[in-house]
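Written below as structure tokens is the structure these notes are about.
The values are calculated or read from the model by the stated rules, or taken from the named source; none is laboratory data. All values derive from a computational prediction rather than experimental measurement. Quick reminder, even Gly has a Cβ in these numbers, built from the backbone with ideal geometry, and neighbours come from all protein chains shown. Note: accessible area is taken over every heavy atom of the protein model, side chains too, but ligands, DNA and RNA are not part of it. Shrake-Rupley method; radii C 1.70, N 1.55, O 1.52, S 1.80 Å.
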Amino acid sequence: MTTVAFDPGTEARFAVARHVADAVLFEGYVLYPYRASAAKNRLRWQFGVLVPPSWSAAAEEHDFQLTECLMEPRTGAELAVEVRFLRAQRRTVEELRADGTYAPTGELRLADRVLVAWDEGVEERVTLVVPVGDLRGDGTTLPFTRPAAEEVEEVTDTDGTVVGRLVRRREEISGTLRISADELDGPYRVERLSVTVENTSVWTAGPDTDRHAALPYSLVATHTLLRLDGGSFLSMTDPPEWAKGAVAACRNLHTWPVLAGEPGKSDLLLSSPIILEDHPAIAPESPGALYDATEIDEILALRTAALTDEEKREARGTDARAAAVIDLADTMPPEVLERLHGAVRSLQSVTGAPKSAAGNILEPQTPWWDPGGDTGVDPGSDHVLVDGRPVRAGSRVVLRPRLRRTDAQDLFLDGRGALVEAVLHDVDGGVHIAVTVEDDPGADIRREQGRFLYFQPDEVEALEDL
């Protein structure tokens, strides 16, 4: 049996972690502009792909993941495991001919969408609950299989006339989950937990076989959720001093485990093929999944809303999840879009969010810090001493960017003269000098838009003012 139902307590704890796990599962699933014809959507599935063994030997991809972590289980504790991945479901498009037969076609154009061939992601889970005591020694091995399947969906036009069909095919895949635990020597009751997820699908790669052909037999975006009902996991990125040696001895191949769920709790662990920090969380401002791996929500929502009607038709026909993104961008209220502009949380980790007497978090009527309302700062007249000389708006300086904190483009400005536009103070007490580079033909445009270059006082040399 490859799927067990978790008890309500375990299910509730996993539900906390799945919000982030879903983001891992669909990381980069479909990229802006959400069309199958877009170049960056032609090479799919970048993270956590466990290919069949016959393909891993010929490609620089792997057929397994290994997670090793440390845990401190209580007597009688049980370990709940949930392996999650996508199957690449191959969808083809067929049109209905006049003789009543169906024939493959490159696209099927409808009033509201353009249907094309595409690989859809079907979520799969393998679950297991096992007493920690049973994991010592050889541990537990759980083989799993998902059978091949084919589904056909009729496609109708706006008047209900059948114009074609979608054929979805899934190939048989199989895998193995192996779990074991070893108690470590020392004064602390700590155990090393090992979890291996392996693709064992039987598929033979031919001499001219490419990655596209291997994907239907692969486990895509594979990651593992772990939960102890009694005890805790240790952080692998910030372990206690006594455990650093044991953490360093753990092997993690093609995945990395982090503590999941709420900060302060350590009964949940997410082993992810994407680099994460402990207790990762989705920003509360995010209105929904956008799937694009590299974009921030605000820019992506604006770009998506600006697609042409024809581009949106193709995106809607590419994938149901892409269609949902298009609809989300088209119907997003202004107040929701405004919330995506940014949020400062660093101070809340120290002071906590402001609350009312009833304990509810207060939404301030004004930003937590308004530079226009702080009479203690004035970027236009403030100054900073550089080599004993006051530098303020209108001063001339020579730029001397420092390697320890600059980027490659700033290094090209070493020795160039610049005009100081403003002296700014940040909330941490730092000072930043905003400049425009002399002889820059776009300086007037930068000044008008407020798009300056920023350097710290020890990265400039003061010159005599004109």
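Results, tabulated for the structure shown:
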| item | result |
| --- | --- |
| Matching residues, segment 134-165, being under 30 Å from S232 (Cβ atoms) and without any contact (Cβ under 8 Å) to a residue 24 or more places away in the chain | D134 |
| Top-ranked residue of segment 429-456 - restricted to ones that are over 12 Å from L399 (Cβ atoms) and touching a His at 6+ places or on another chain (Cβ under 9 Å), ranked as surrounded by the most Cβ atoms within 10 Å (Cβ to Cβ) | H432 |
| Extreme residue, modelled with the lowest pLDDT, among residues of segment 418-466 that are assigned to a loop (DSSP other than H, G, I, E, B) and small (G, A, S) | G429 |
| Only listed residue being among the β-branched types (V, I, T), in a strand (DSSP E or B) and open to solvent by less than 60 Å² (accessible area, probe 1.4 Å), chosen from T145, T196, T141 | T196 |
| S235 vs. criteria touching a strand residue (DSSP E or B) at 6+ places or on another chain (Cβ under 8 Å), part of a loop (DSSP other than H, G, I, E, B) and either modelled with pLDDT of 95 or more or open to solvent by 20 Å² or more (accessible area, probe 1.4 Å) (or both) | yes |
| Test: residue in segment 363-372 that is modelled with pLDDT of 60 or more and out of contact with any helix residue (DSSP H, G or I) (no Cβ under 9 Å at 6 or more places or on another chain) | no |
| Test for R109: is it more than 28 Å from F6 (Cβ to Cβ), in contact with a helix residue (DSSP H, G or I) (Cβ under 6 Å, 6 or more places away or on another chain) and open to solvent by 60 Å² or more (accessible area, probe 1.4 Å) | no |
| Every residue from segment 321-340 that is surrounded by 10 or more Cβ atoms within 10 Å (Cβ to Cβ) and at pLDDT below 85 | V336, L337, E338, R339, L340 |
| Filter result for E183 (open to solvent by 20 Å² or more (accessible area, probe 1.4 Å) and at pLDDT 95 or above) | no |
| Residue within segment 66-82 that is buried (at least 18 other Cβ atoms within 10 Å of the Cβ) and closer than 13 Å to Y217 by Cβ present | no |
| So P104, is it open to solvent by 60 Å² or more (accessible area, probe 1.4 Å) and either over 20 Å from H254 (Cβ atoms) or at pLDDT 95 or above (or both) | yes |
| Residue list for segment 283-298, filter: open to solvent by 50 Å² or more (accessible area, probe 1.4 Å) and at pLDDT 80 or above | P284, A289 |
| From the options A243, A221, residue that is under 19 Å from A260 (Cβ atoms), small (G, A, S) and part of a helix (DSSP H, G or I) | A243 |
| Evaluation of Q46 against (1) open to solvent by 60 Å² or more (accessible area, probe 1.4 Å); (2) within 15 Å of the chain's Cα centre (by Cα); (3) modelled with pLDDT of 90 or more (one fails), failing number | (3) |
| Filtered residue count, segment 27-45, keeping only those that are closer than 20 Å to E171 by Cα and out of contact with any helix residue (DSSP H, G or I) (no Cβ under 7 Å at 6 or more places or on another chain) | 2 |
| Looking only at segment 199-214, and only at residues there that are at pLDDT 95 or above and buried (at least 20 other Cβ atoms within 10 Å of the Cβ), the one that is farthest from A80 (Cα to Cα) | S201 |
| Boolean, V190 is in contact (Cβ under 8 Å) with a residue 24 or more places away in the chain, among the β-branched types (V, I, T) and over 26 Å from Y29 (Cβ atoms) | yes |
| Near pairs, Cβ below 6 angstrom, 6+ apart or cross-chain, from segment 257-280 (open to solvent by 30 Å² or more (accessible area, probe 1.4 Å)) to any residue that is among the aromatic types (F, W, Y) and modelled with pLDDT of 95 or more | S266/F233 |
| Conditions (1) surrounded by fewer than 18 Cβ atoms within 10 Å (Cβ to Cβ); (2) assigned to a helix (DSSP H, G or I); (3) touching a strand residue (DSSP E or B) at 6+ places or on another chain (Cβ under 9 Å); number of the one not met by K40 | (3) |
| Segment 151-172, residues that are more than 30 Å from T196 (Cα to Cα), open to solvent by 70 Å² or more (accessible area, probe 1.4 Å) and at pLDDT 95 or above | E151, V152, E153, E154 |
